[in-house]
1. Give me the accessible area of MET363, 1.4 Å probe, in Å² rounded to the nearest 10.
2. Using only the heavy atoms of the protein chains and a 1.4 Å probe, how would ILE350, ILE359 rank by accessible area, largest first?
3. Let me spell out the model: positive unit charges on the Cβ of Lys and Arg, negative unit charges on the Cβ of Asp and Glu, origin at the Cα centre of segment 348-457. What dipole size does that give, in debye rounded to 20?
4. With a cap of 11 neighbouring Cβ atoms within 10 Å, and only residues DSSP puts in a loop, list the chymotrypsin sites (Phe, Trp or Tyr not before Pro) found in segment 341-396.
5. Using a 1.4 angstrom probe on the protein heavy atoms only, line up ARG385, ARG439, ARG411 by accessible area, largest first.
6. Per the helix-only calculation at 222 nm, which mean residue ellipticity applies to the chain, given -39500 (n - 2.57) for every DSSP H run of n ≥ 4 and division by its residues, nearest 500 deg cm²/dmol?
7. Any chance you could get the radius of gyration and Dmax over the Cα atoms of segment 128-268, in Å?
8. Measure out, as a whole number of angstrom, how far apart the alpha-carbon centroids of segment 90-150 and segment 366-404 sit.
Amino acid sequence: MSTSNLRHKGWILQYSILRLGERDASNIRKQTFLPSSFIGGPRDMRQRYMDAIALVQHFGKPDLFITMTCNPSWTEIKEHLISTNEAHNRPHLISRVFRAKIEEFKKDILKRNIFGKVAAFMYTVEFQKRGLPHAHFPIILTNEYKLLTPEAYNNIISAEIPDEKAEPDLYSLVLKHMMHGPCGNLNPTNSCMKKKGYCKFKYPKKFAEQTSKGIESYPIYRRRNTGVVVKIRERHLDNSWVVPYNPFLLEKFDCHVNVEICSDIKVVKYPYKYICKGHDKIAFSVHNKDTNTEVIDEIKEYHSARWVSPPEAMWRLYGFSISEMYPSVCPLQLHLKGQQFVSFKSSANIDTLVNNSMIKQTMLTQFFEMNRTNTDAEELNLLYREFPEHFVWSATEKMWTRQKKQRTIGRVVTCHPTEGERYYLRMLLMNIRGLKSYRDLLTVNGEHCSSFRESAEKRG
């Protein structure tokens, strides 16, 4: 996507561009980049991660972390296959069925409250290289439903092989979906094995007679040495190899559903790990069969591209959501006085652009305006980040109006300390209530400061 961004600072725009006689906006220097609206791009993933952190700051650390993986043997998929066909040949079936399962899973969590009332949740759908999708769900419960004791853990999570006679269906599902590996000495070449020769998921686990709180963010689940052994992939495994699961979800969805108790913000970063890792890549080349007639240049021949499996391609063609958050998060603009970004078309006229009063109306400037003119805003005496909880921003009309329906959490966009005054502006906005102008930020005990840094230092 190609766009032109113009930093408007007072009338510097007129003095620097109009003074040179420039009237055509297409001649302004352009930058080409992937905007945050490009789903899966680095800016999109970084923005979603910061939104997730805003939810954690507001509601507290996640209580549950659930991973749900597509099962290609689901009845809804197999009943639409002919006898000679396989699930991976029908990527549209995989995508549509898995999406339907996610929607049903969300109803269980949000509406049926199988774990209690949910304060906030988020999920991200990822695709393995072989194509099967899986989803990660960090879930934050309300205070009255927090899981605080080992007894509460045992009520929703099991890490043992069930009794084959008492629960035959659950027994077969655990053996089918929830047995890890084998790895370690039983299978040193398993995909979970690290170079040092141990499982990255730390299997097999140690036996434990009772559930207890662990040293790290995950508890130690009850795994009794009952002597029950099952044969999985030509190896005999016991309770130390069971992946924690919820019996209700496992029986209902018939797939790998790993349910973990957690109390660490690390699980928030995990669904958005691609902001550091990057998407799966593939190198390919296109050339003629007759290579003798051309000079071979391997540098030009090979191209680096993003790997997109057929189910992911269908998922995107159908327009299904890759990520979702509840409640929604509103990123709040941050800029110094007269230095907001302005986007314009290449065919725009600079004079018309500069004289347009709408470019001066931003989230921040209208926040000041509302505190000056709106009685509700004045009585609430809000911080900038608290404003979206009570007011909603209209991007077309460039104004705040009273919030009537769903609650929204505000997040002031991040800013690095090397940005100087903008960084101190953000610091002040995060701590001072009921601001009516930039001048209020620079005034401390009736004295006017020359910079936001000076103001921040005087305020401690």
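1. About 20 Å², ignoring ligands and nucleic acids.
2. From most exposed to least exposed: ILE359, ILE350.
3. Dipole about the Cα centre, nearest 20: 420 debye.
4. Here no chymotrypsin sites (Phe, Trp or Tyr not before Pro) fit, given the DSSP loop and packing criteria.
5. My answer, sorted largest first, is ARG439, ARG385, ARG411.
6. So the calculated ellipticity at 222 nm is -7500 deg cm²/dmol.
7. 15.6, 46
8. 33 Å
The values are calculated or read from the model by the stated rules, or taken from the named source; none is laboratory data. Just so it is clear, the model here is predicted, and its values are computed rather than measured. FYI the Cβ positions are ideal-geometry reconstructions off the backbone, even for glycines, and counts take in every protein chain you see. These area figures cover heavy atoms from the full protein model, side chains too; ligands, DNA and RNA do not enter into them. Shrake-Rupley method; radii C 1.70, N 1.55, O 1.52, S 1.80 Å.
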